[in-house]
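The values are calculated or read from the model by the stated rules, or taken from the named source; none is laboratory data. Values in this document were obtained by computation on a predicted structure and should not be read as measured data. Backbone-built Cβ (ideal geometry, glycine too); neighbour counts: all protein chains shown. Heavy atoms of the whole protein, side chains included, go into the accessibility calculation; ligands, DNA and RNA do not. Shrake-Rupley method; radii C 1.70, N 1.55, O 1.52, S 1.80 Å.
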Amino acid sequence: MNRLKRTAGKFIKKIVDCFTGTGLDQALMKAEGEAACDGRLSEVIRLSAAEGCVLLKNDGTLPLDKDKEISVFGRTQFDWFYVGYGSGGNVNAPYKVNLVDGLENAGASYNKAVADAYRSWISVPVNAADEGWWGHWPFSHPEMPLDPALVKKAAETSSTAVCVIGRAAGEDRDNKLKKGSYYLTDEELSMLKTVTDAFEKTVVILDVGNIIDMSWTGQFGDRISAILIAWLGGMESGNALCDVLFGAVSPSGKLPDTIAENYSDYASSPFFGGKKYNRYSEDIFVGYRYFDAHPEKVLWRFGYGLSYTAFEVQETDCPEYDAGNGRFSVSVTVKNTGKAAAKEVVRLYCRQAPGRLSKPDRVLAGFAKTKIIAPGESDTVNITFDRKYISSFDEAIHAFVIERGQYVFELQTDSPSGAGFVPIGTYDCEEETVVEHCRTLFFSGPELKKRILDELPAGINYAGDNGIVFDDVRAAHEKPDSFISQLSLEELEALTRGHGMMDSPLGTPGNAGVFGGIIPSLREKGIRPVTCADGPAGLRLKKYAALMPCGTALAASWNEELVSEIHRLIAKEMEEYGVDMQLSPGMNIHRNPLCGRNFEYFSEDPVLSGKTGAAVVRGVQSAGRSSCPKHFACNNQETKRNTNDSLVYERALREIYLRNFEITVKEASPLAIMTSYNKVNGVWSHYNYDLVTTVLRGEWGFSGLVITDWWMKKSRSPEFPKLRDNAYRVRAGVDVLMPGNMSRMRRRFVSDGTLLKTVGKSGGITPGEIQQSARRVLELILALDKDK
């Protein structure tokens with residue numbers, strides 16, 4: 001056991017060293033990072049973080065006056081959580097701005113004695129922030145015991161206090177129903193009590209990646225003047241937050257998730273955290289789809305967020321349906337009736353007609369964000385959406401249908417008393433309409449076997465070396481299949497896997513993995529290596545790179561244009577560092593607030609998630625790089641993620657957990673998709689033919705590359721017993737095993753032999769299947785190189 005622990009420890013250290021720059025010239029790295037991270041990128045990161053801030057409560061205390069002293073409490077003012085931990089967060093940022101830095105940069109007046117007390121306390125080694133290690137990240141840092149005398153003295157010169165509460169999140173572990181994780185600690189509650197007792201005004205800032213318990217707000221009532229969720233805002237966190245606090249930017253973020261009174265109020269709470277499986281018994285009633293029928297359980301509804309000004313809908317049309325393209329469209333004019341310039345999010349919902357299929361009270365159909373509107377001015381936005389968004393999946397006939405009846409469209413409004421809805425028009429469906437027929441999903445069994453055999457791709461006869469090189473294909477002098485006909489089985493096998501390890505010597509130092517031209521004979525034929533890098537918050541490399549706001553913060557901005565712009569600039573950084581594919585966006589639904597990677601993901605709603613994901617892909621791929629949305633699908637829990645089985649009704653699967661991916665695929669055409677670690681209805685995603693081939697490729701028309709998440713579980717095909725592991729994977733339509741080895745402990749590639757063992761044999765893998773995966777790799781390289 002001790003030997004195993006030592007081995008594991010060495011492995012973890014190697015992985016950490018891959019991305020922390022250990023052994024490299026830190027000064028050189030930082031200079032390179034600052035050069036790559038130009039002023040425009042920093043500016044957009046700052047604006048994105050500010051626009052993602054969600055104002056939950058405000059009695060007029062915000063915005064603050066820079067010239068009036070405030071006192072800031074909470075160690076997080078220094079030990080800021082800029083992003084979560086793991087592949088979705090461990091980016092080497094060239095700089096990071098905490099709240100105190102932000103106050104200094106803003107020229108704001110704050111109580112130096114209070115700040116010095118915190119600075120002194122955290123400088124003591126025993127009080128220093130412990131960043132933990134892989135899968136054992138901190139949930140929070142212990143709060144400084146607060147001396148009432150310090151607070152009382154501060155209140156003599158400051159009328160307003162700012163209390164900061166921070167929470168970390170991380171990969172490979174979920175948050176816990178414990179103090180310091182989901183719940184506030186005794187020290188944090190004591191801080192709030194001591195401060196609110198002493199100060200006339202108290203503003204609470206939440207530096208969080210996940211929704212946490214907010215029931216404590218009722219305990220303090222009006223003694224808390226304002227509550228602002230800052231999320232994990234990336235390297236510009238402190239500057240962005242101060243932009244909002246002092247009114248340079250009016251908050252325009254809206255909640256991407258519902259905040260419930262208690263954890264037990266979430267419909268998924270009894271069905272989360274299972275070690276072997278999670279049964280998604282709440283069905284389609286995720287987030288607000290459940291809570292709209294139980295408003296007494298809600299503190300703040302999905303889509304809610306206050307501003308420093310007020311808006312009214314000045315003009316709107318009834319959404320018009322275009323039968324030619326199956327889409328609705330509507331124009332909405334919003335007027336700023338307040339005193340501050342600001343942006344507003346127009347959120348359009350549909351109340352579906354009652355019928356034989358159960359439905360939530362309303363569903364989000366579309367949204368748009370205005371430009372900055374000056375007081376007294378107006379802006380008009382246009383919203384279009386597919387009729388499929390307001391349909392329901394009927395499992396009895398395997399089709400999306402719009403049932404007969406009246407569909408009411410509403411706009412969401414916000415006020416200090418809560419969210420409201422204003423009807424703007426109706427759509428009358430005179431008879432039940434089938435929107436889309438879908439294929440039955442078997443997942444496993446004899447029906448699946450027959451489907452696979454009926455759909456096996458034709459092979460290309462091996463022609464030997466005809467002197468065709470890949471540049472001939474690039475120049476359109478030769479067809480890809482002519483080139484593929486020259487490839488040996490060993491070369492084809494190499495195209496269906498990565499180089500073998502993370503931080504491949506074939507790519508940028510600190511890369512997540514490399515595939516494509518990973519063996520000499522492929523490179524001799526002109527196939528270059530393709531370099532991947534994590535991830536959703538920026539490029540995780542042995543180099544300094546821009547650290548973006550977390551996925552939840554980006555979704556909270558409800559600003560597709562801004563999300564695209566930040567990722568267009570990140571793609572320029574990718575070009576600078578020789579990175580071809582960003583392993584992003586993370587797109588799994590916020591099914592439960594305890595999921596450890598919620599900070600990487602966007603929302604509880606598939607439309608907001610899908611639209612935000614599409615914006616990420618458009619931004620990256622507009623600059624000639626590749627996105628790779630992940631984790632397909634139902635990776636809604638980190639606990640036992642490699643073995644856990646997500647048992648989901650087909651309706652919920654299609655309406656909630658696949659719809660966001662579908663929107664991203666159809667609106668942005670990502671060049672690649674990554675499967676998830678977990679099983680879906682009994683079959684690991686990386687072996688799941690019905691998810692990858694039947695739905696993703698067959699129903700949605702996805703033509704890109706499908707790769708595994710890093711490493712995969714070994715298994716034998718129930719339908720084809722001679723196929724296991726890599727042969728089983730390729731038959732499912734999953735093209736590339738990343739990073740290449742089956743074992744995490746190896747630094748050099750060692751073939752497991754499972755792909756080629758049965759090739760050409762009865763019941764074995766066919767050459768056509770391997771060639772098909774190889775072709776998709778080559779097509780991705782062609783797409784990346786088309787403008788070069």
Quiz item: Does the range 223-242 include one or more residues that are in a loop (DSSP other than H, G, I, E, B), open to solvent by 10 Å² or more (accessible area, probe 1.4 Å) and either touching a residue at least 24 places away in the same chain (Cβ under 8 Å) or over 26 Å from residue 88 (Cα atoms) (or both)?
Solution: no
Self-check item: Only one of 586, 624 that is open to solvent by 10 Å² or more (accessible area, probe 1.4 Å), in contact with a helix residue (DSSP H, G or I) (Cβ under 8 Å, 6 or more places away or on another chain) and more than 22 Å from residue 701 (Cβ to Cβ)
Solution: 624
Quiz item: Under the condition of being under 17 Å from residue 597 (Cβ atoms) and not in a loop (DSSP other than H, G, I, E, B), which residue from the range 546-560 is nearest to the chain's Cα centre (by Cα)?
Solution: 551
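Can you name the residue in the range 360-389 that is assigned to a loop (DSSP other than H, G, I, E, B) and in contact (Cβ under 8 Å) with a residue 60 or more places away in the chain and, of all such residues, is farthest from the chain's Cα centre (by Cα)? Walk me through how you get there before you give the answer.
Initially, the range 360-389 is screened for residues assigned to a loop (DSSP other than H, G, I, E, B), giving 360-362, 370-372, 374-377.
Within this subset, residues satisfying the condition of being in contact (Cβ under 8 Å) with a residue 60 or more places away in the chain are 360-362, 375.
Values: 360: 24, 361: 26, 362: 24, 375: 34 Å.
Only one residue fits best here, namely 375.
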Self-check item: Unmet criterion (only one of (1) farther than 13 Å from residue 252 by Cβ; (2) open to solvent by 30 Å² or more (accessible area, probe 1.4 Å)) for residue 326
Solution: (2)
Quiz item: Of all residues in the range 710-738, which are over 19 Å from residue 678 (Cβ atoms) and part of a loop (DSSP other than H, G, I, E, B)?
Solution: 719, 720, 721, 722, 723, 735
Practice problem: Find the residue count for the range 336-356, including only residues that are more than 16 Å from residue 307 (Cβ to Cβ) and out of contact with any Asp or Glu (no Cβ under 6 Å at 6 or more places or on another chain). | Solution: 6
Quiz prompt | In the range 391-441, residue most open to solvent (accessible area, probe 1.4 Å) [restricted to those that are in a strand (DSSP E or B) and charged (D, E, K, R)] | solution = 428
Self-check item: helices (runs of 4 or more DSSP H) within the range 455-544 that include 2 or more residues without any contact (Cβ under 8 Å) to a residue 24 or more places away in the chain
Solution: 520-524
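Checking the condition in contact (Cβ under 8 Å) with a residue 12 or more places away in the chain and buried (at least 21 other Cβ atoms within 10 Å of the Cβ), which residue from 724, 747, 716, 729 passes?
When all the criteria are applied, what remains is 729.
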Quiz item: (1) acidic (Asp, Glu); (2) touching a residue at least 60 places away in the same chain (Cβ under 8 Å); (3) closer than 21 Å to residue 654 by Cβ: which one isn't true of residue 447, the others all being true?
Solution: (2)
Quiz item: Across the range 442-473, which residue is least open to solvent (accessible area, probe 1.4 Å) among those that are modelled with pLDDT of 95 or more and of a type in the set (D, E, K, R)?
Solution: 451
Practice problem: Report yes if residue 333 is under 20 Å from residue 421 (Cβ atoms), surrounded by fewer than 22 Cβ atoms within 10 Å (Cβ to Cβ) and in contact with a Leu (Cβ under 9 Å, 6 or more places away or on another chain), otherwise no. | Solution: no
Self-check item: Search result, residues across the range 102-133 that are open to solvent by 60 Å² or more (accessible area, probe 1.4 Å) and more than 17 Å from residue 71 (Cβ to Cβ)
Solution: 105, 123, 124, 125, 126, 130, 131, 133
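Looking at 569, 554, which is the one that is touching a helix residue (DSSP H, G or I) at 6+ places or on another chain (Cβ under 7 Å) and open to solvent by 10 Å² or more (accessible area, probe 1.4 Å)? It would help to see each step written out before you state the result.
Numbers: 554 fails: open to solvent by 10 Å² or more (accessible area, probe 1.4 Å).
Answer to the check: 569.
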Self-check item: Every pair of residues 6+ apart whose Cβ atoms lie under 8 Å, when the first sits in the range 681-709 and is within 19 Å of residue 671 (Cβ to Cβ) while the second is part of a loop (DSSP other than H, G, I, E, B) and of a type in the set (Asp, Glu)
Solution: 686/709; 693/455; 705/735; 706/735; 707/735
Practice problem: Would you check if there is a residue in the range 96-110 being over 25 Å from the mean Cα position of the chain (by Cα), aliphatic (A, V, I, L, M), at pLDDT below 95 and not in a strand (DSSP E or B)? | Solution: no
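Output the number of residues of the range 169-214 satisfying the condition of being open to solvent by less than 40 Å² (accessible area, probe 1.4 Å), of a type in the set (Ser, Thr, Tyr) and within 26 Å of the chain's Cα centre (by Cα).
Looking only at that region, the number is 2.
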Practice problem: Identify, by number, the condition in (1) surrounded by 15 or more Cβ atoms within 10 Å (Cβ to Cβ); (2) farther than 26 Å from residue 644 by Cβ; (3) out of contact with any helix residue (DSSP H, G or I) (no Cβ under 8 Å at 6 or more places or on another chain) that residue 285 doesn't meet. | Solution: (2)
Quiz item: Picking from 352, 406, which residue would you name as being more than 19 Å from residue 285 (Cβ to Cβ) and not charged (D, E, K, R)?
Solution: 406
Exercise. Identify, by number, the condition in (1) open to solvent by 10 Å² or more (accessible area, probe 1.4 Å); (2) touching a Phe, Trp or Tyr at 6+ places or on another chain (Cβ under 8 Å); (3) not hydroxyl-bearing (Ser, Thr, Tyr) that residue 629 doesn't meet.
Key: (1)
Quiz item: Within the range 594-605, can one find any residue that is in contact (Cβ under 8 Å) with a residue 12 or more places away in the chain, out of contact with any Asp or Glu (no Cβ under 6 Å at 6 or more places or on another chain), open to solvent by 10 Å² or more (accessible area, probe 1.4 Å) and under 27 Å from residue 515 (Cα atoms)?
Solution: no
Self-check item: Checklist (1) surrounded by fewer than 22 Cβ atoms within 10 Å (Cβ to Cβ); (2) in contact with a Ser or Thr (Cβ under 9 Å, 6 or more places away or on another chain) applied to residue 256, failing item
Solution: (1)
Quiz prompt | Count of residues meeting criterion [buried (at least 24 other Cβ atoms within 10 Å of the Cβ) and part of a loop (DSSP other than H, G, I, E, B)] in the range 63-86 | solution = 7
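Please find, among 589, 566, the residue that is of a type in the set (A, V, I, L, M, F, W, C) and not in a helix (DSSP H, G or I). Even if it seems obvious, please write down each step before you answer.
Numbers: 566 fails: not in a helix (DSSP H, G or I).
Going through 589, 566 in turn, just one is of a type in the set (A, V, I, L, M, F, W, C) and not in a helix (DSSP H, G or I): 589.
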Quiz item: Of all residues in the range 134-150, how many are open to solvent by 60 Å² or more (accessible area, probe 1.4 Å) and either closer than 30 Å to residue 66 by Cα or part of a helix (DSSP H, G or I) (or both)?
Solution: 5
Quiz prompt | Residue among 81, 73 that is at pLDDT 95 or above, closer than 30 Å to residue 214 by Cα and touching a Gly at 6+ places or on another chain (Cβ under 8 Å) | solution = 81
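This table checks each residue for (1) among the aliphatic types (A, V, I, L, M); (2) farther than 16 Å from residue 265 by Cα; (3) under 28 Å from the mean Cα position of the chain (by Cα).
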{"site": "277", "(1), (2), (3)": "no, yes, yes"}
{"site": "282", "(1), (2), (3)": "no, no, yes"}
{"site": "288", "(1), (2), (3)": "no, no, yes"}
{"site": "293", "(1), (2), (3)": "yes, no, yes"}
{"site": "298", "(1), (2), (3)": "yes, no, yes"}
{"site": "302", "(1), (2), (3)": "no, no, yes"}
{"site": "307", "(1), (2), (3)": "no, yes, yes"}
